[in-house]
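Since the structure comes first, as structure tokens, the remarks are kept for the end.
The values are calculated or read from the model by the stated rules, or taken from the named source; none is laboratory data. The model shown is predicted, which means the values in this text are computed figures rather than measured ones. When we count neighbours, we look across all protein chains shown, and the Cβ atoms used for this are built from the backbone with ideal geometry, even at glycine. When the accessible area is computed, the model is the full protein with side chains, heavy atoms only, and any ligands, DNA or RNA have been set aside. Shrake-Rupley method; radii C 1.70, N 1.55, O 1.52, S 1.80 Å.
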Amino acid sequence: MRVVAISGGTGSAKLVRGLAAAGPFSAVANVGDDDRFHGLYVCPDVDTLTYALAGVLDAQRGWGVRGDSFAALEQLKRLGAPGTWFNIGDADMAVHLLRTAMLAEGRSLTEVTAVIASRLGVTGCDILPATDSRVATRVRTREKGELSLQEFWVREGGRPTPEGVRYEGAEAARPTEQVLERLRAAERLVIAPANPITSIMPTLSLDGFRDALRASPARKVAVSPMVGRAAYSGPAARLMEAAGLEPTSEGVARLYGDVIDAIVIDESDRAQAEAIEGLGVSCTVAPTLMRSAEDERRLARVALEA
Ligand code: GDP
């Protein structure tokens with residue numbers, strides 16, 4: 001079965017590892033939280049997927065390379081560099097250095113991502129940035145004005161009150177040819193459990209992406225990142241509320257409703273199944289928390305069969 005996953009970072013990486021155990025597939029990665037630090041081009045979601053599939057992701061933190069040191073960051077702090085609130089380990093920084101240099105030589109983010117993934121030993125999965133154009137997720141907050149996602153979540157610790165989100169550049173950004181080709185050929189499309197507002201919507205907002213999804217012959221299944229009125233982790237619930245959505249699996253089903261056939265929700269949210277089916281979205285109930293490799297593989301199988 002030709003499988004395509006649409007993904008963000010930490011939550012998605014767990015399901016993506018589970019999918020990798022089931023066979024080859026392509027992962028379309030969010031680029032809306034890409035940013036520049038110390039002149040380096042940083043792609044948090046692309047790298048989280050790459051590290052997860054290479055088997056070197058720091059599982060505790062959910063980002064970065066396991067066992068990494070932070071000598072360069074410490075030195076940058078001593079030097080008074082701006083942006084040192086964003087944690088970049090030394091091995092991680094090497095990836096950003098190589099990426100930035102290759103981009104400066106005129107290579108695309110898609111090419112650079114493939115080179116880095118292959119050199120880190122990723123096999124059986126193409127990691128495809130959703131677009132090679134620049135898209136920036138911007139969070140409007142009550143106290144601090146408009147912030148980049150990293151400023152909102154990392155520098156400000158998610159404390160400001162979010163009032164809305166926009167995807168700068170998305171309307172003019174096309175998905176890459178590779179992504180469009182994978183969507184055309186897909187038999188199964190899985191929207192990974194991810195922050196709907198900051199990890200999935202930047203991709204769905206690209207020029208032509210929703211049309212390509214609708215035209216794809218694949219059965220399209222989302223795995224909900226929500227349990228009850230909360231997310232397993234991160235600011236998804238508050239950002240959904242800021243976007244005028246119920247912070248529940250039903251809210252996620254409404255948000256993706258025009259492009260998905262089915263959704264997998266947590267067994268504790270069984271009561272929402274009827275309302276979700278009422279939206280015309282088929283609903284599968286399963287344990288959705290992934291705490292082990294076995295959980296990841298099991299949930300991936302559910303998503304491939306739903
Ligand atoms: P980010 O880009 O690093 O924010 O990561 P993602 O957007 O990929 O993932 C964050 C989302 O994944 C959060 O909203 C969590 O609720 C969700 N998540 C994290 N772990 C799990 C899990 O084990 N199961 C499910 N269903 N969702 C999860």
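Some notes on this structure:
- Long-range amide H partners of VAL190 with built H, under 5 Å: VAL4, ALA5, ILE6, VAL221
- Dipole size of the chain about its Cα centre, with +1 on Lys/Arg Cβ and -1 on Asp/Glu Cβ: approximately 240 debye, rounded to the nearest 20.
- Shown in residue order for segment 126-139 are the 3J(HN,Hα) couplings computed by the Karplus curve 6.51 cos²θ - 1.76 cosθ + 1.60 at θ = phi - 60°: 8, 9, 10, x, 4, 8, 8, 8, 8, 10, 10, 6, 10, 9 Hz (x for Gly and Pro).
- Modelled this way, with points 7 Å down the Cα-to-C-beta line, the labels at GLU267 and GLU163 are 4.3 nm from one another.
- Rounded to the nearest 0.05, the FRET efficiency derived from the C-beta distance between ARG142 and GLN75 at R0 = 22 Å is 0.05.
- Counted without the sites themselves, the longest stretch of the chain free of GluC sites (Glu not before Pro) in a DSSP loop having at most 10 other beta carbon atoms within 10 Å is 144-306.
- Charge sum, other residues only, whose C-beta stays under 10 Å from GLY9's C-beta, Lys/Arg counted +1 and Asp/Glu -1: -3
- Taking every DSSP bridge with both residues inside segment 162-306, close to 15 percent are antiparallel.
- By accessible area with a 1.4 Å probe, ligands and nucleic acids excluded, highest first: order of THR100, THR10: THR10, THR100
- Expected 222 nm ellipticity per residue - DSSP helices of 4 or more, -39500 (n - 2.57), all of the chain, to 500: -10500 deg cm²/dmol
- Amide H to amide H, with H built 1.01 Å from N, ILE263 comes under 5 Å of ALA222, SER282, CYS283, THR284, counting only residues 5 or more places away or on other chains.
- Taking a straight line from the alpha carbon of LYS220, these lysines sit under 24 Å away, with near neighbours fewer than eight places off in the same chain left out: LYS14.
- Between segment 131-202 and segment 7-82, the alpha-carbon center distance in angstrom: 16
- Computed from phi, the 3J(HN,Hα) profile of segment 39-48 under the Karplus parametrisation 6.51, -1.76, 1.60 (θ = phi - 60°) reads x, 9, 8, 10, 10, x, 6, 4, 6, 4 Hz, with x in place of Gly and Pro.
- Loop trypsin sites (Lys or Arg not before Pro), segment 253-306 (other Cβ atoms within 10 Å of the site Cβ: 13 or fewer; DSSP): ARG291
- Charge dipole magnitude, Cβ of K and R +1, D and E -1 - segment 189-305, Cα centre, debye nearest 20: 200
- The chain gives an Rg/Rh value of 0.95, both radii derived from C-alpha positions and Rh following Kirkwood.
- Three-way shape label, segment 127-243, alpha-carbon gyration tensor, a/c 1.5: oblate
- Accessible area of the chain divided out per residue, in Å², using a probe of 1.4 angstrom: 42
- Cross-link partners for LYS77 among the lysines, with Cα-Cα distance under 25 Å and sequence neighbours closer than 8 places in the same chain left out: LYS144.
- Charge tally in the Cβ shell below 14 Å around GLU105, where Lys, Arg are +1 and Asp, Glu are -1, GLU105 excluded: +1
- Under the simplified labelling scheme, the SER118-ARG66 pair shows an inter-label distance of 2.6 nm, with each label point 7 Å from Cα along Cα→Cβ.
- Förster radius 22 Å - calculated FRET efficiency between GLU187 and ASP207, Cβ distance, rounded to 0.05: 0.30
- When only the Cβ of Lys, Arg, Asp and Glu is charged (+1, +1, -1, -1), the dipole of segment 22-178 relative to its Cα centre reaches about 320 debye.
- Of the residues GLY208, ALA20, ALA136, the one whose Cα sits farthest toward the positive end of the charge dipole of the chain, with +1 on the Cβ of Lys and Arg and -1 on the Cβ of Asp and Glu, is ALA20.
- Gain on full stretching of the segment that runs from ASP295 to ARG174 - 0.36 nm per residue minus C-alpha separation: 40.1 nm
- For GLU163, nonlocal amide neighbours, meaning residues 5 or more places apart or on other chains whose placed amide H falls under 5 Å from its own, are ARG140, THR141, ARG142.
- Pairs of Cα atoms nearer than 8 Å and 6+ residues apart set the relative contact order; for segment 1-159 it is 25 percent.
- Local electrostatic count at GLU143 - Lys and Arg +1, Asp and Glu -1, tallied over other residues with Cβ under 14 Å: +2
- Zone of ARG134's modelled label, taken as backbone nitrogen in segment 205-229 under 18 Å from a point 7 Å along Cα→Cβ: 206-207
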